[in-house]
1. Got a sec? Which helices (runs of 4 or more DSSP H) wholly within the range 1-114 have at least 1 residues that are touching an Asp or Glu at 6+ places or on another chain (Cβ under 7 Å)?
2. Can you pull out the residues in the range 1-25 that are open to solvent by 90 Å² or more (accessible area, probe 1.4 Å) and under 9 Å from the mean Cα position of the chain (by Cα)?
3. Filter the range 75-130 for residues that are among the hydroxyl-bearing types (Ser, Thr, Tyr) and modelled with pLDDT of 90 or more; which is farthest from TRP55 (Cα to Cα)?
Amino acid sequence: MTIAEFAKAHRLKAQREDDTVIIGGKAGQIYEYSDSLLGVLFITPAKKAARARVWNNLSAQCVLARMTLRQDADAEGALSFDPATAAHVTLALKLAGVKRRRQLTPEQLVRLASVGFKAAKTTQEASPAT
């Protein structure tokens, strides 16, 4: 499973950084580790020293769930996981701090349309043709 397929299946936003597609989060990122595995990277912000405890607790949970620990530092590290395993996906999203996109119900869309909400145009649609 590619990172783009994973993002679409789990309602996540994929972005391109230096010829690499990643899913960014508040505390890390999810990336393509190999053809069949994805990786999750946990990075501690410099201002938050208490994150070392968070990394130690979450990495221990991930190892118990059979995710593979690839790098382990004091307050940051990387693991690889199987994107087909629901427990691995849940832990990876929690570790990286990734939020799923909201999915509006048809009732919510009707209510928004009734108050005049219109979806924003993408940059390609908004830009004049050259």
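1. Working: elements: 3-9, 51-64, 86-96, 106-114.
Of the helices (runs of 4 or more DSSP H) lying wholly inside the range 1-114, those with at least 1 residues that are touching an Asp or Glu at 6+ places or on another chain (Cβ under 7 Å) span 3-9, 51-64, 86-96.
2. Answer for the range 1-25, where residues must be open to solvent by 90 Å² or more (accessible area, probe 1.4 Å) and under 9 Å from the mean Cα position of the chain (by Cα): just LYS13.
3. Going residue by residue through the range 75-130, those that are among the hydroxyl-bearing types (Ser, Thr, Tyr) are 80, 85, 90, 105, 114, 122-123, 127, 130.
Checking which are modelled with pLDDT of 90 or more leaves us with 80, 85, 90.
Numbers: SER80: 15, THR85: 21, THR90: 15 Å.
That would be THR85.
The values are calculated or read from the model by the stated rules, or taken from the named source; none is laboratory data. The structure displayed is predicted, hence computed values, not measured ones. No Cβ is skipped: glycine too gets one built from the backbone with ideal geometry, and neighbour counts run over all protein chains shown. Protein only, heavy atoms only, side chains kept; ligands, DNA and RNA dropped before computing areas. Shrake-Rupley method; radii C 1.70, N 1.55, O 1.52, S 1.80 Å.
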